[in-house]
1. Step by step: first the residues of the stretch 188-217, then only those that are in a loop (DSSP other than H, G, I, E, B) and out of contact with any strand residue (DSSP E or B) (no Cβ under 8 Å at 6 or more places or on another chain), then the one that is nearest to LEU145 (Cα to Cα). Which residue is that?
2. Would you check which residues across the stretch 259-304 are surrounded by fewer than 17 Cβ atoms within 10 Å (Cβ to Cβ) and touching a strand residue (DSSP E or B) at 6+ places or on another chain (Cβ under 7 Å) and list them?
3. How many residues are open to solvent by 40 Å² or more (accessible area, probe 1.4 Å) and under 22 Å from ILE76 (Cα atoms) when one looks only at the stretch 89-103?
4. Taking GLU185 and the conditions (1) modelled with pLDDT under 95; (2) assigned to a loop (DSSP other than H, G, I, E, B), which numbered condition does it fall short on, given that it satisfies the others?
5. Of these, GLY316, GLY331, which one is crowded, with 24+ Cβ neighbours inside 10 Å, assigned to a loop (DSSP other than H, G, I, E, B) and not basic (Lys, Arg)?
6. List the residue pairs whose Cβ atoms are under 8 Å apart, where the first residue sits in the stretch 309-333 and is more than 18 Å from ASN61 (Cα to Cα), the second is basic (Lys, Arg), and the two are 6 or more positions apart or on different chains.
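The values are calculated or read from the model by the stated rules, or taken from the named source; none is laboratory data. This structure is a prediction, so every number in the text was calculated from the model and none was measured. Neighbour counts are summed over all protein chains in view; Cβ atoms, including those assigned to glycine, are modelled from backbone coordinates with ideal geometry. All accessible areas refer to the heavy atoms of the entire protein, side chains included, with ligands and DNA or RNA removed. Shrake-Rupley method; radii C 1.70, N 1.55, O 1.52, S 1.80 Å.
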Amino acid sequence: MAAATAWSPASLNSTQNRAAATFTIRCNAHKPITITFTKTQQDPQPIYSSVKAFAPATVANLGPGFDFLGCAVDGIGDTVSLKVDPDVHPGQISISDISGQSPNIHKLSKNPLWNCAGIAAIEAMKMLGIRSVGLSLSLEKGLPLGSGLGSSAASAAAAAVAVNEIFGKRLGYDELVLACLKSEEKVSGYHADNVAPSIMGGFVLIRNYEPLELVRLKFPSEKELYFVLVTPEFEAPTKKMRAALPLEIGMPHHVWNCSQAGALVAGVLQGDLLMLGKALSSDKIVEPKRAPLIPGMDAVKKAAIEAGAFGCTISGAGPTAVAITDDEQKGHLIGQQMVQAFQKEGNLNASANVKQLDRIGARLISGVRSS
């Protein structure tokens, strides 16, 4: 038997998608026989044996931008270490370790189906179609739980990016955010104002959820922006804080908040901290319902403004208060006044951090190439 077209099985095993190939085989004294070989899609192979990824903290809402505005904060966040593990069933992931300084870290489950990092990692693996290898994940929490700094989002973002990196960075921003949204949906609700900036960096506007549309808002690189983050020793679970929100609002408040959100976006794009700060401080829908649930919050906001901050509001669901300024040294002074206000009016100990805008987002820190 002589073949009219030569072929090799190896040629069908490329990791690239290919259309079905048709080959004709001629047998002596017989009619040609046409055989169609359809290549089955193979999952991507890891290019790293292990990676470490970091995802930054975030400030969601930014006052009037409830569930559609957020930004990333430099220098603090969560870290995920991920490795190919032959002891883990192919296509699955295990959580080997969870560490960090948070006093409530014992609340975090090592079951990947009930852990923010695990859920996001599983979704990223599904998107990539991973079936041939198993992965082991280690989570290092740099953010306190229930702090209003996007703790769950940072874990999810670091995990999703780690999975993406280990298999060659095949997923884009939108897909990574969608993977993280699966995690947020189980923990605190389907909102991307933490996960999107944690993945993408900078300021992000969520224009639409169905389908997901994300808009990067570029804050001028030549402008200085510092976030004064004051976190009291008080946990404000996101689900509890969302339950306090009104189901309906009046038209005047709707119009007011829309105008303030527009001003906030304009302030970001122009680098106008005075406009940004005023808009940040002007929410009439969400903050008035949440502030009474955080002891001393009203006094903290007042102290920040009096100390020279351009604006102040609750970061995410709280209890962290966030103020903005254009000078790091002034930021530390503002933070001191905010800490004192929490102590005096809320009877809460608090800590202050002064951080800049994270313009990069979740990223690979290190990786060991597969041999």
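1. Among residues in the stretch 188-217 that are in a loop (DSSP other than H, G, I, E, B) and out of contact with any strand residue (DSSP E or B) (no Cβ under 8 Å at 6 or more places or on another chain), the one nearest to LEU145 (Cα to Cα) is SER188.
2. LEU269
3. Final tally of qualifying residues: 4.
4. Single failed check for GLU185: (2).
5. Within the list GLY316, GLY331, the selection yields GLY316.
6. Every condition considered, the pairs that remain are ASP326/LYS223.
Residues are listed down the side, and each one gets a yes or a no for (1) touching a residue at least 12 places away in the same chain (Cβ under 8 Å); (2) assigned by the TED database to the domain that holds ALA350; (3) within 16 Å of PHE66 (Cβ to Cβ):
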position	(1), (2), (3)
GLU213	no, no, no
LYS239	yes, yes, yes
ARG242	yes, yes, yes
GLU248	no, yes, yes
VAL255	no, yes, yes
ALA263	yes, yes, yes
MET275	yes, yes, no
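The rows are residues; the columns are (1) open to solvent by 20 Å² or more (accessible area, probe 1.4 Å); (2) aliphatic (A, V, I, L, M).
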site	(1), (2)
ASP87	yes, no
ALA121	no, yes
LYS126	yes, no
SER136	no, no
SER147	no, no
